[in-house]
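Reading through the structure tokens given below for one structure.
Just so it is clear, none of the values below were taken in a lab; they were calculated from the coordinates. If you're wondering where the values come from, they're calculated on a predicted model, not measured in any experiment. All Cβ positions, glycine included, derive from the backbone under ideal geometry; neighbour counts span all protein chains shown.
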Amino acid sequence: MTQLDTKKNETLLALLSQLQRIDAEFPIQYAICLSEIARNEGCSLTDLSEKTGLALSTVSRIVGALSSYRQKGIPYEFITMKISETERRKKELFLTDKGREALNNILAVL
């Protein structure tokens, strides 16, 4: 059995605690999508689905919750969707100031 890296474990716990501050039940898939959007602002729902390996229907629900269209509960308003200037049917995803602040707080523990 290998020795557990205590420092890395503490970092992991701090990271999870920061996610919990957003919402006691903040899903890890939401954090993955938020990070991917931050890494690739302007991406589409399809792009996000491909990058995360999540089904398009799942990504659509997550994007709704991360923006202002959460089905149950208060939306997070971490991202905004804009209609693409080049393709009217394409929605592009961007962080809001609130989303950028939340992500910076999460990254601060790293």
Q | Table column - 3J(HN,Hα) (Hz), the range 68-74, Karplus curve with 6.51, -1.76, 1.60, x for Gly and Pro | A | 10, 10, 5, 5, 10, x, 7
**Q.** the range 12-110: trypsin sites (Lys or Arg not before Pro) in DSSP loop, at most 13 other beta carbons within 10 Å
**A.** 72, 88, 89
Q | With Cα atoms, 0 to 90° folded angle of helix 6-22 axis to the chain main axis | A | 40 degrees
Q. What size of dipole, in debye to the nearest 20, comes out for the range 1-63 about its Cα centre when the only charges are +1 on Lys and Arg C-beta atoms and -1 on Asp and Glu C-beta atoms?
A. 100 debye
(Q) Give the lysines reachable from residue 90 as a straight Cα distance under 23 Å; neighbours fewer than 8 places away on the same chain don't count. (A) 51, 82
Q) Can you give the angle from 0 to 90° between the axis of helix 97-108 and the longest principal axis of the chain, with both taken from C-alpha atoms, to the nearest 10? A) 20 degrees
Q | Neighbour-limited loop hits for GluC sites (Glu not before Pro), the range 22-68 (at most 10 other Cβ within 10 Å; DSSP other than H, G, I, E, B) | A | 25
Q) Do you know the relative contact order of the chain, to the nearest whole percent, from alpha carbon pairs under 8 angstrom that are 6+ apart? A) 27 percent
Q | C-alpha long axis of helix 56-66 to longest principal axis of the chain, angle in ° | A | 80 degrees
Q: In debye, nearest 20, what is the charge dipole magnitude of the chain about its Cα centre with +1 on Lys and Arg Cβ and -1 on Asp and Glu Cβ, if you could check?
A: 220 debye
